[in-house]
Amino acid sequence: VQLQASGGGLVQAGDSLRLSCAASEGTVSSYPMAWFRQAPGKDREFVSAISWSGGSTYYADSVKGRFTISRNNAMNTMYLQMNSLKPDDTAVYYCAATIDWGAQYLAERVYDYWGQGTQVTVSS
């Protein structure tokens, strides 16, 4: 499975962006997936995760209420709608998928496949 993240860009504080993560060379329709991000000089951190069916979603406290994760299994694609963006959201955003996260969706180590990252820059 190959993951391709897209949709990043340069926006102003308060704006919105929608990230996409498209899978190829295989299907992710039965895989839980997630978004992580890495800001300059910081470790990569969990942003949001979604179960394979989309029935369960999880968010970091820092994005709860502003970001919405979703997926379209027919399109083999996951999304992250980001609203009310803040300068602190500036980071490279990575999508990931796992065959089985064992409910440990926060842990990078459980993810088997990673996208290349897309840059999000939020100016104040």
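Values quoted throughout were computed directly from the atomic coordinates according to the rules given, and no laboratory measurement underlies them. Everything quoted here is computed from the prediction, not taken from an experiment. Note that each Cβ is placed from the backbone with ideal geometry, even for glycine, and that neighbours are counted across all protein chains shown.
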Quiz item: Just going by the charge dipole of the chain, with Lys and Arg at +1 and Asp and Glu at -1 on Cβ, which of Q116, G102, N83 is farthest out on the positive end?
Solution: N83
Exercise. With the Cα gyration tensor of the chain in hand, convert its eigenvalues to equivalent ellipsoid semi-axes via √(5λ) and list them largest first in whole Å.
Key: 22, 14, 13
Practice problem: Would you list the P(r) distribution for region 70-113, with all Cα-Cα distances sorted into 5 Å bins from 0 and each bin expressed as a whole %? | Solution: 5, 16, 20, 23, 21, 13, 3
Quiz prompt | Extension gain, A13 back to S51 (0.36 nm per residue minus Cα-Cα distance, nm) | solution = 10.7 nm
Quiz prompt | Estimated vicinal HN-Hα couplings, Hz - region 45-55 in sequence order (Karplus 6.51, -1.76, 1.60; Gly, Pro = x) | solution = 10, 5, 10, 6, 9, 9, 5, 4, 8, x, x
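In region 1-97, which trypsin sites (Lys or Arg not before Pro) fall in coil by DSSP and have 12 or fewer other Cβ atoms within 10 Å?
Of the trypsin sites (Lys or Arg not before Pro), the ones in loops of region 1-97 whose Cβ has at most 12 other Cβ atoms within 10 Å are K42, K64.
Could you order the peptides 57-63, 77-83 from most to least packed, using the average number of other C-beta atoms within 10 Å per residue?
Put in order of decreasing packing, that is 77-83, 57-63.
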Quiz prompt | Separation of the S70 and K86 label points, Cα + 7 Å toward Cβ, nm | solution = 2.4
Quiz item: Nearest 20 debye, what's the magnitude of the dipole of the chain about its Cα centre given +1 on Lys and Arg Cβ and -1 on Asp and Glu Cβ?
Solution: 200
Exercise. When a/c is below 1.5 the answer is rounded, else prolate if a/b is larger than b/c, else oblate, so apply that to region 31-96 with a ≥ b ≥ c taken from the square roots of the Cα gyration tensor eigenvalues.
Key: prolate
